[in-house]
Amino acid sequence: MITAERKPLEELIEYIKPFKRILLLGCNECVTVCAAGGRKEVGLLASGLQMAMLKSGSNIDIRQHTLERQCDPEYVEELVPMLDGAEAIMSMACGCGVQQLAMRFKDKPVFPAVNTKFMGASERQGVWAERCQGCGNCMLGMTGGICPIARCAKQLMNGPCGGSTGGHCEISEDVDCAWQLIWDRLKALGQTDRYLENMPAKDWRPGGGSGPRKIIREDLAE
Amino acid sequence: MMENFEPVIVAFCCHYCAYTAADMAGSQRLPYPANVKIIRVPCSGKVDALHIVKAFEKGADGVYVAGCLEGDCHFKSGNTRAGRRVAYVKKYLEEIGIESERLEMVTMSAGMGYRFAQTATEITEKIRKLGPSPIKTALAL
């Protein structure tokens, strides 16, 4: 899922200072899973902001709502009757959701409440690690299910590099060497000949190298 | 105003240990300050960050979460989770501008009536010295 982390409170206070009533919106998908912007976090943030503003003598009305998703216009449309005099919207969703809101409600300032981080998976409760960078041409079948784009600091196609030490990347002891992991996995799968196949230099065009990407499904798009 | 200040303290007490200890303090006739308002929860791990933050939002001067002793949680690890959550909320309180000393995690066993009374007294005094919560002051204005 897409992971995110809440922005520091002082930054958020700067955003909402000029307003008397705002709508704080959560998202029930990715940011809920990584405990950054779900219904509970909306409650926590609204309470914290209210108290911080109260302390500095200003009163602000923070309306709270959580949408199923903010990246689909059908869900964003549900907000229309709820706007009710809100002067600005603060979204706890990932960047996709924030932009979708801004596109729909052109007359209202829209602010992000979280910093969107990466596409990742849970390693264990409370720990999420980067797994995918959306390179557009998935090669996981060749690398035993470990991604050298997302997990190798140099995004090598034919690793490891000379910096791989004790199974760790030279950048930090906390980072596994992706190619060590790949080799171990290929060995366990009995697919070590895959390692000998030289992978050509990556064509980055499907990976964002030729500009913002779009998918159009002719069977679905009207 | 400072002289008449009576702190309002919310104590989330787990049913199996802390609440029973409070009950024990009562049967042993051990006095503790009436400033402490007890909220019984099935386990200290049931207390959510939002419960704590809302207590402060409504003007509580101090909050503490009382659970079972380390290793003795009736639900295995609820008290450890509560401890971690309390630490997390303490940091959030500092961000908001509320002194993190106003929130505490304590542990005790069901038979420790004296410990419940002692903790309640100590925390009340600590909060009394800290003064009214900045939120309570702002709400009063």
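Look at the alpha carbon pairs under 8 Å that are at least 6 residues apart: their mean separation over the length of chain A gives a relative contact order of 17 percent. Taking 41 Å as R0, compute the FRET efficiency from the Cβ-Cβ separation of A:Met199 and A:Gln64 and round it to 0.05. Efficiency, rounded to the nearest 0.05: 0.25.
Across the range A:81-87, coupling constants 3J(HN,Hα) worked out from phi with the 6.51/-1.76/1.60 Karplus curve, θ = phi - 60°, read x, 8, 4, 6, x, 5, 8 Hz, and Gly and Pro carry x.
Of all lysines in the structure, those lying under 17 Å Cα to Cα from A:Lys202, and not within fewer than 8 positions of it along the same chain, are A:Lys154.
In straight Cα distance, which lysines are under 22 Å from B:Lys90, not counting same-chain residues fewer than 8 positions off? Hits, sequence-local ones excluded: A:Lys7, A:Lys40, A:Lys55, B:Lys37, B:Lys46, B:Lys54, B:Lys58, B:Lys126, B:Lys129, B:Lys136.
Taking amide H as placed 1.01 Å from N in the peptide plane, the amide H of A:Val114 sits under 5 Å from that of A:Lys7, each at least 5 places away or on another chain.
Against chain A, whose longest principal axis is taken from its Cα atoms, helix A:39-55 shows a tilt of about 50°.
Between the amide H of A:Asp176 and those of A:Cys169, distances stay under 5 Å, these residues lying 5 or more places away or on another chain, with hydrogens modeled in the peptide plane. Under the criterion of Cα pairs below 8 Å and six or more residues apart, the relative contact order for chain B equals 36 percent. Sequentially through the range A:117-130, phi angles give Karplus couplings (6.51, -1.76, 1.60; θ = phi - 60°) of 9, 8, 8, x, 9, 6, 7, 6, 3, x, 10, 10, 10, 5 Hz, Gly and Pro residues having no value and appearing as x.
Working from label points 7 Å from Cα in the Cα-to-Cβ sense, the B:Arg29 to A:Ala102 distance is 7.0 nm.
Which value results when the Cα radius of gyration for the range A:133-207 is divided by 2.2 N^0.38 Å? Walk me through the numbers on the way to the answer.
Working: Rg = 12.0 Å, N = 75, 2.2 N^0.38 = 11.3 Å.
Compared with the compact-globule rule of thumb, the range A:133-207 sits at 1.06.
Per DSSP helix of 4 or more residues, -39500 (n - 2.57); summed, then divided by the residues of the protein assembly as shown. What does that give at 222 nm, rounded to the nearest 500?
Per the formula, -10500 deg cm²/dmol.
The HN-Hα couplings worked out from phi for the range A:197-213 by the Karplus form 6.51 cos²θ - 1.76 cosθ + 1.60 (θ = phi - 60°) are 6, 6, 8, x, 4, 6, 7, 8, 4, x, x, x, x, 10, x, x, 9 Hz, whole numbers, x standing for Gly and Pro.
Normalised Debye scattering of the protein assembly as shown at q = 0.07, 0.09, 0.11 Å⁻¹ gives log10 I(q)/I(0) of -0.46, -0.70, -0.92, counting only Cα atoms as equal scatterers and leaving out solvent.
What are the GluC sites (Glu not before Pro) within the range A:10-105 that DSSP puts in a loop, where the Cβ has at most 14 other Cβ atoms within 10 Å?
For GluC sites (Glu not before Pro) across the range A:10-105 that sit outside H, G, I, E and B with at most 14 neighbouring Cβ atoms in 10 Å, the list reads A:Glu68, A:Glu78.
Compared with the dominant Cα axis of chain B, that is its longest principal axis, helix B:18-27 is turned about 90°. Loop-located GluC sites (Glu not before Pro) in the range B:57-98 (DSSP state other than H, G, I, E, B) with a sparse environment of at most 14 neighbouring Cβ atoms within 10 Å: B:Glu70.
All of the numbers you see were taken from the coordinates with simple rules; none came from a lab. In this text the structure is predicted, and so the values were computed from the model without any measurement. A quick note on method: Cβ atoms are made from the backbone with ideal geometry, for glycine too, and the neighbour counts reach across all protein chains shown.
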